[in-house]
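Remarks on the structure that follows.
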Amino acid sequence: MFSFCSDPDALDTVRWFSCYLTTGVHMSFYVAFFKVLLLLAVTAPVALGFGFLGAMAARSHFLPLRWFGKAYISLVRGVPDIVFFLFFVIALDQAFEWMRHQVLCPGWDQPIWQGNDFIVCQAAKLPLGTSPQWMHQTYGFGLAVITFAIVFGAFAANVLFGGMRAVPRAQLETAEAYGMSHRQTFWRVLVPQMWVYALPGLSNLWMVLIKATPLLFLLGIEDIVYWARELGGTKTPGFTSFPHGDWRMWYFLFLLIFYLGFTRVSEVVLESLMQRLTLGQATAGGEAQRKAVPR
Amino acid sequence: MKKLILTTAALAFSAGFALAQDTVRMGTEGAYPPYNFINDAGEIDGFERDVGDELCARASLTCEWVKNDWDSIIPNLVSGNYDTIIAGMSITDERDKVIDFTQDYYPPTDSAYVAASDSVDVGSAIIAAQTATIQAGHVAESGATLVEFATPEETVAAVRNGEADAVFADYDYLLPLVEASGGELMFVGDPVPLGGGVGMGLRESDTELRDTFDAAITSMKEDGTLNELLIKWFGEGTTTY
């Protein structure tokens, strides 16, 4: 990075660290922070969408759909995350490739499963074996988003389902008395009011999601915890120009500060969101707001 | 365009599975110097990087390096996320049931115990080893208490912080750590010869790719380039072919 970095052994502490902290590996570490933030920014809305659909399905009047929604919620909530990430992602990847295989390689005569091996034709590979590494990374990232969305979607569905039931029945009856259809009641009365009941549960999920990102490495995505472990590990001379002992404590301390800061920001944002959602609601919070504002 | 794809597919059939692809994805751990590690520039480096690149050059393959956790390195190979494992993996019967190996490109290795004091009795002490390694298997059978860790780094850290009495790992991995520790760590007990040498792991169905790499390894053994690389990374005293 800097011109004086060519001989790190001869440097004083400040310069040594300025070189050390700008090596290529450290750049990957910094990029990983953006990766994690991007993952959260994409996953959270998608998971919320899954949750909303799941909750809608679970309270549907159409029986099979209701079963499907309930099964989704209880099945996914009951399976440990790590099982989901090890088994489900590989299965999902193989399902995609199997489907492409059926379409793209109709002439294939060998079995797809040969013992432990999963063999599809080259054209059905996802991404293609010849694709550059960044496409593999992006694909892995996409799989991660889908898996996170399914897992956290199930929890969100349960929270939203509860939120929908918490809306006072009187509100819905009033809507029906005004002649609104089921659909109108749902979208105009139920949904706007349920958020205030769902938000505490959802904010909990968000906090858990923030800290679940180390699971990413199971999918081959190098997240911040992976890099902290890798960079903090003992480095012996000969394999690096910057040998050092076991510094994982300092790297993890840095992560701790990052996560605490991130959690604090989330809390502030969620609190102000709560204030806005409470406005005009028939809850204790809404009542307090109404009394505080002079009319 | 569609016709082109079909033609390519037909060509792929006739040319066989492995050779049809000119890009081979090489899976490694990146945490086991001198075999494989991440260098300052953030790239995969080490003995296996050199060997792998040379093998690919000889077999006229384009190789792409991929990092994967040791824990899931075999499942991700058989499900096709990469095509080879080149991660200091010793050839054992158990692994051979699940995947295939090339011939060894590193002779059968010695494993050794490293402790923080020389009074440790490795037969009955608490020994740290990496999960799913031949060393972990050996400790489990030796009567000592085994504590397993996911990464090699953690096994050594366990000895430094007193969680384990000694660590059992490849001699070549431990040697630079002992040298750099300034007397804090030392070898104890006798080295144990373990495993059938280090080979490249491939899917059992990928016989053609295995034969290709086998031939390339043979040619590297014959003209002495493999020995040069062994000495470059493991020092003058190492076993060569």
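The values are calculated or read from the model by the stated rules, or taken from the named source; none is laboratory data. What you are looking at is a predicted structure, and each value in this text was computed from that prediction instead of being measured. All Cβ positions, glycine included, derive from the backbone under ideal geometry; neighbour counts span all protein chains shown. Surface accessibility is based on the protein's heavy atoms, side chains included, excluding ligands, DNA and RNA. Shrake-Rupley method; radii C 1.70, N 1.55, O 1.52, S 1.80 Å.
A few notes on this one:
- Percent accessible area from carbon and sulfur atoms, chain A, protein chains only, probe 1.4 Å: 69
- Cα shape, the stretch A:14-292, gyration tensor, a/c 1.5 rule: oblate
- Accessible surface of chain B [probe 1.4 Å, protein heavy atoms]: carbon and sulfur percent: 52
- Total accessible area lost when B and A pair, probe 1.4 Å, Å² to nearest 100: 3400
- In summary, the helical segments of chain A meeting the span-like criteria, namely a full DSSP H run, a Cα extent along the axis of 20 angstrom or more and a mean Kyte-Doolittle hydropathy of at least -0.5, are A:24-58, A:63-78, A:89-104, A:133-166, A:191-211, A:248-278.
- Residue-averaged beta-carbon neighbours from other chains (10 angstrom radius) around A:225-237: 5
- The stretch B:161-233 and the stretch A:95-140 have Cα centres separated by 32 Å.
- Under the span-like rule (Cα at least 27 Å along the axis, Kyte-Doolittle mean at least -0.5), DSSP H helices of chain B: none
- Label point distance in nm, A:V79-A:V31, each placed 7 Å from Cα along Cα→Cβ: 3.2
- Normalised per residue, the accessible area of chain B is 40 Å², obtained with a 1.4 Å probe and no contribution from ligands, DNA or RNA.
- Helical mean residue ellipticity (222 nm; -39500 (n - 2.57) per DSSP H run of 4+; nearest 500) of chain A: -21500 deg cm²/dmol
- For A:V191, neighbours were defined as the other residues whose beta-carbon sits under 14 Å from its Cβ, and their charges (Lys and Arg +1, Asp and Glu -1) total +4.
- Three-way shape call for the stretch B:110-194 based on the alpha-carbon gyration tensor, with the a/c threshold at 1.5: rounded
- Average accessible area per residue (Å²) across the stretch A:14-292 - probe 1.4 Å, nucleic acids and ligands excluded: 51
- The stretch B:39-58 versus the stretch A:209-244: alpha-carbon centroid distance in Å: 20
- Across the stretch B:93-109, rounded Karplus estimates of 3J(HN,Hα) from the backbone phi angles (6.51 cos²θ - 1.76 cosθ + 1.60, θ = phi - 60°) give 4, 4, 5, 5, 6, 9, 10, 9, 10, 7, 5, 6, 10, 9, x, x, 9 Hz, Gly and Pro being marked x.
- Dipole axis of the stretch A:204-295 (+1 Lys, Arg; -1 Asp, Glu on Cβ), positive-most option in A:L253, A:F239, A:G286: A:G286
- Shielding score for B:179-186, defined as the mean number of other chain Cβ atoms within 10 Å: 2
- Remark: the Cα gyration tensor places the stretch A:1-108 in the prolate category, a/c being 1.5 or greater and a/b exceeding b/c.
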